[in-house]
Amino acid sequence: MHFRFIWVGKTREANLRGLIDEYLQRLGRFIRCEISELRDAGGSDGSADEGRRIIAALRPSSIVVALEVTGRQWDSHELAAQVEEWQVSGAKEIAFIIGGPTGLAEEVRDRANIRWSLSRLTLTHEMARLLMAEQLYRAFTIIRGLPYQK
């Protein structure tokens with residue numbers, strides 16, 4: 001199994017980019033990770049264009065997890081249980097999607113197997129990348145019984 005992160009736009013804030021890289025490196029000790037950064041379409045109809053590019057970037061067999069505010073919220077132990085479930089089920093790829101400023105297109109929401117909300121708070125897309133990477137790393141430390149989780 002491996003994780004694939006698909007997000008729109010680059011992480012421009014250097015401090016956040018450094019932290020994201022740090023947690024992805026840590027996560028890489030447990031699972032292979034791949035990042036697909038898609039160009040930001042911009043404009044009012046950007047969501048549809050971004051949606052087409054996100055769908056094109058997905059592999060047909062991927063389990064797709066779309067991050068969005070109306071999605072399911074997990075605590076860290078529930079997320080760890082979900083990750084374990086994916087591992088046990090033999091899933092080959094879990095694709096995590098973070099859209100651009102205009103949100104996710106309906107076709108991307110429809111393709112998602114799971115909609116995940118990191119928080120009821122409004123987060124920047126860059127901050128959401130960091131929180132997602134950190135929580136996935138935390139999930140593996142819970143699974144392995146490592147002290148980071150505490």
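The values are calculated or read from the model by the stated rules, or taken from the named source; none is laboratory data. Quick caveat, the model's predicted, so the values are computed rather than measured. Positions of Cβ are generated from backbone atoms using ideal geometry, with glycine treated the same way; all protein chains shown enter the neighbour counts. Only protein heavy atoms, including side chains, enter the accessible area calculation; ligands, DNA and RNA are left aside. Shrake-Rupley method; radii C 1.70, N 1.55, O 1.52, S 1.80 Å.
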Practice problem: Identify, among Thr122, Ile20, Gly9, the residue whose Cα sits farthest towards the positive end of the charge dipole of the chain, taking +1 on the Cβ of Lys and Arg and -1 on the Cβ of Asp and Glu, with the dipole about the Cα centre. | Solution: Ile20
Quiz item: If you compute Kirkwood radius over Cα pairs in Å for the structure shown, which of (i) 15.6; (ii) 15.1; (iii) 16.7 do you land on?
Solution: (i)
Quiz item: Given 0.36 nm per residue, what is the gain on full extension from Arg52 to Arg39 after removing their alpha carbon distance, in nm?
Solution: 3.5 nm
Practice problem: Could you size up the charge dipole of the chain around its Cα centre, putting +1 on the beta carbon of Lys and Arg and -1 on that of Asp and Glu, and report it in debye to the nearest 20? | Solution: 380 debye
Exercise. For the chain, with a Gaussian network of springs between Cα atoms less than 10 Å apart, report the residue from Gly28, Gly103, Gly90 with the top mean-square fluctuation.
Key: Gly90
Self-check item: Potential extension, Ala81-Glu106 segment - 0.36 nm per residue separation minus Cα distance
Solution: 6.2 nm
Exercise. Can you pull the one-decimal nm distance between simple spin-label points at Glu22 and Ser61, each 7 Å off the Cα toward Cβ?
Key: 3.6 nm
Practice problem: Quick one: what are the phi-derived ³J(HN,Hα) couplings along segment 12-22, Karplus 6.51/-1.76/1.60 with θ = phi - 60°, whole Hz, x for glycine and proline? | Solution: 7, 6, 4, 5, 5, 4, x, 5, 4, 4, 4
Quiz item: Share of segment 33-150's accessible area from carbon and sulfur, percent, 1.4 Å?
Solution: 52 percent
Quiz item: Over the chain, what is the relative contact order in whole percent, taking alpha-carbon pairs under 8 Å and six or more residues apart?
Solution: 34 percent
Quiz item: Tell me, what is the per residue accessible area of the chain in Å², probe radius 1.4 Å?
Solution: 53 Å²
Quiz item: If amide H atoms are built 1.01 Å from N in the plane of the peptide, which residues on other chains or at least 5 residues away come under 5 Å of the amide H of Ala105?
Solution: Gly51
